[in-house]
Amino acid sequence: MTFHAPLIIDIAGLTLTPADRKRLKHPLVGGLILFARNWQDRAQLTALCADIKKIRSDLLICVDHEGGRVQRFKTDGFTHLPPMRALGEMWMQPPKAGADAKGHAGPMDATNAATACGYVMGAELRACGVDLSFTPVLDLDYGGSSVIGDRAFARDPRVVSLLAKSLMQGMLQSGMANCGKHFPGHGFVAADSHTAIPVDKRSLKAILADDAAPYRWLNTVTLSVMPAHVIYPKVDARPAGFSSIWLNDILRGQLGFGGAIFSDDLSMAGARVVDGQPVSFTQAALAALAAGCDMVLLCNQSLASSEGGGKGIDAVLDGLTEAQVKGQWQPSDAGELRRRALLPATPAVEWDALMVQPAYMHALDWIA
């Protein structure tokens, strides 16, 4: 039987409970995602991550830590990273004249600042034991999406691609992988897939020429991708994260992507209906895996007020196990290799050493 750990789960608090430990030992669990509720200070976060790795060293510890309003850890020394729109705005400003001109402006400064953001983000997270941040956002800023908003670099896919590539370079310099999201693009629709099912009625030609272009241009440096819980009815009736057309035919086939694919959170409203029918967490997970996802996220299910304190996670673990036994889901060697490829390959620089590292201090100058 092939070993494949596709489920990314959450935990409720600052330390692991016996139930958390049991779930993290389950062979179908491949990692977990942290939230602000899992943060008290650096010492606590570092101890929590070390405790997780003692259970299984291959568990992938993830977080949404983009900068701006989506940054889970903001105190006790963590650098406040700007929203990505600020880098796009820097790109558009006239370059400063003269070698001693103060302030950063223009495309070249913007790419340097993006690399610095990626490096500082990755280095600080890794110093505390976090393996992966789900970033950068590759969505285009059309101005109408409140959930994307200033999380996007710019409207122009060329600007988005070059700034995202620079940010990815900084993350890779810190030893952290990256995750482009939300394929093929969430920026055009106004609805929030956390609470609704957005529908984008544009043609495939229009989406490929604009929103999805960064995924083709960045396919040599993007190590993982997260699809959108958005329906594009002129391509498929299913949301992109449940669509083999989008994930296998287009993302992997036409655009040449070879890295890992994460589903977005299966507890979001945009993931709870497939083919017009309400689905359980297990059904959603199986649909995402069958469509081409290597890993599926199930967030905010460990809380006592949500699904009875982890019952949703346990139901998916039981459901996936049953589906595997019945041959309804086949584990993937390739999917497991792609998951493990996201784990850092080099030791992290510890926090105190990082604070005096020349490369880190130089990067901070670009963010200030």
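Overview of values
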{"quantity": "Candidates Ser161, Ser224, Ser203, ranked by Gaussian network fluctuation over the chain, Cα under 10 Å, top entry", "calculated": "Ser203"}
{"quantity": "17 Å cut-off, amide nitrogen to a point 7 angstrom out along Ala50 Cα→Cβ, residues in segment 5-25", "calculated": "14-16"}
{"quantity": "Set Lys22/Lys53; Lys74/Lys311; Lys181/Lys201 screened for pairs whose C-alpha atoms are more than 25 Å apart", "calculated": "Lys74/Lys311"}
{"quantity": "GNM result for the chain, Cα springs below 10 Å: residue of Leu132, Leu303, Leu24 fluctuating most strongly", "calculated": "Leu303"}
{"quantity": "Helical mean residue ellipticity (222 nm; -39500 (n - 2.57) per DSSP H run of 4+; nearest 500) of the chain", "calculated": "-11000 deg cm²/dmol"}
{"quantity": "Long-range amide H partners of Cys299 with built H, under 5 Å", "calculated": "Leu266, Ser267"}
{"quantity": "Segment 235-367 - Rg and Dmax from Cα coordinates, angstrom", "calculated": "19.0, 57"}
{"quantity": "Linear extension gain, Arg37 paired with Lys201, 0.36 nm per residue minus alpha-carbon span", "calculated": "55.3 nm"}
{"quantity": "Ascending count of other beta-carbon atoms within 10 Å, so fewest first, for Leu255, Leu140", "calculated": "Leu255, Leu140"}
{"quantity": "Burial ordering of His65, His80, His229, fewest other beta-carbon atoms within 10 Å first", "calculated": "His80, His65, His229"}
{"quantity": "Computed label-point distance, nm, for sites Thr321 and Gln93 using a 7 Å Cα→Cβ extension", "calculated": "5.6 nm"}
{"quantity": "(1) 22.4, 82; (2) 19.9, 69; (3) 22.8, 97, with the label sought being that of the calculated Rg and Dmax of the Cα atoms in Å", "calculated": "(2)"}
{"quantity": "Calculated diffusion of segment 1-150, Stokes-Einstein form, Kirkwood radius summed over Cα pairs, 20 °C and 1.002 mPa s, µm²/s", "calculated": "123 µm²/s"}
{"quantity": "Kirkwood Rh in Å, taken over segment 78-193 so that all alpha-carbon pairs contribute", "calculated": "14.5 Å"}
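FYI, it's all coordinate maths here, none of it is from the lab. All of these numbers come straight from a predicted model, not from anything done at the bench. Note: ideal-geometry Cβ built from the backbone for every residue, glycine included; neighbour counts use all protein chains shown.
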